[in-house]
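S.K.: Sharing a structure here in structure tokens format.
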Amino acid sequence: MIIAPIGTSVTRVKNDHVALGPPQYLGQRFALIKPTKTVDYGVELIMQKHYSGFTLVELMIVVAIIGILAAVAIPLYQGNVMKSQINRAVGELGAYKSAFEMQIANGGMVTNSDLGYVSSDLTDGTMATDIGVANPDGSGHLEVTMGDSAHSSLTGIILRFERDPAGTWTCEINKSAASGWRPDYRPQGCTVL
């Protein structure tokens, strides 16, 4: 028997002597070649079984890479979740500015029912506690506190839209009660106190 790369041209020359040609490419699997007794110029190829799979070292490398990626990705993901929750709560509170303006222009009250307030799952607001306050000079504010299903690092943040007597609104965020506040959570156009 002869061991030769698969794809090698095999020719029987004389009396069970075999001539091997060049292999097709490097890194091939090998086969056992046994000259046949029945055919003058033919050969019989017998393939060896080749077991494939991953080694323990390869699997450990993959697990280490996944661990490194997770160590980097999870904090980034959580930061984006917190930032989006703050932006959402600010957007929901800002939606009541136009109803507040209408109530001020008509000389009405700014109770939750007058504003059409619906409690958000990111804030501690309830229908019993008004989110708006209007002063006699035309100034006032809308205010909610982060809580309920908001991320635990954001619980206690006070979101406030302040209106001056001229009708200009400013966004203010009081982060003093938040344990995990980072400067990049600040929504655009809001001032952090």
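Read-outs: derived from the displayed coordinates by stated rules, not from any lab. These numbers were taken from a predicted model, which means no experiment stands behind them. Neighbour counts are summed over all protein chains in view; Cβ atoms, including those assigned to glycine, are modelled from backbone coordinates with ideal geometry.
S.K.: Determine, from the Cβ-Cβ distance of ASP137 and SER98 and an R0 of 22 Å, the FRET efficiency 1/(1 + (r/R0)^6), rounded to the nearest 0.05.
M.R.: The computed FRET efficiency comes out at 0.65.
S.K.: Quick one: Karplus J couplings for segment 52-61, per residue in order, coefficients 6.51, -1.76, 1.60, θ = phi - 60°, nearest Hz, x for Gly and Pro?
M.R.: 10, x, 9, 7, 4, 5, 4, 5, 5, 5
S.K.: Let me ask something additional. Restricting attention to segment 60-144, which trypsin sites (Lys or Arg not before Pro) occupy a DSSP loop and are surrounded by at most 11 other Cβ atoms within 10 Å?
M.R.: Those that pass, being in a loop and sparsely packed, number zero.
S.K.: When the distances between all Cα atoms of segment 65-138 are binned every 5 Å from zero, what whole-number percent does each bin get?
M.R.: Percent of Cα pairs in each bin: 3, 14, 19, 16, 12, 9, 7, 6, 5, 4, 3, 2, 0.
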